[in-house]
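I have placed the structure first, in the form of structure tokens, so that the comments after it can refer back to it.
The values are calculated or read from the model by the stated rules, or taken from the named source; none is laboratory data. This is a predicted model, so every value here is computed, not measured. Cβ atoms come from the backbone with ideal geometry, glycine included; neighbour counts cover every protein chain shown. Each accessible area value is taken on the protein alone, full model and side chains, heavy atoms only, with ligands, DNA and RNA left out. Shrake-Rupley method; radii C 1.70, N 1.55, O 1.52, S 1.80 Å.
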Amino acid sequence: MSATTITLTPEISEAIDRFIAGQEPKPSRDEAVNAALGDWLSQQGAIPFVDCPPEVEAKGECE
């Protein structure tokens, strides 16, 4: 996985924090941003839709 540094607007940063607060177990900020961006990119047709959590997919355990 490659690392990329981005600057978020205060509104987006706060929204991510609210999203994380409502999850159990709580994802890291990286996991939350990756999930949101992945969902958006799949809706745009830029990447295929995968109904598999990233941590499971990374292990090659998705069908």
Expected single match for part of a helix (DSSP H, G or I) and either surrounded by fewer than 10 Cβ atoms within 10 Å (Cβ to Cβ) or modelled with pLDDT under 90 (or both) among 35, 3 is 35
Within the stretch 19-32, count every residue that is open to solvent by less than 100 Å² (accessible area, probe 1.4 Å), over 18 Å from residue 3 (Cβ atoms) and not hydrophobic (A, V, I, L, M, F, W, C). 2
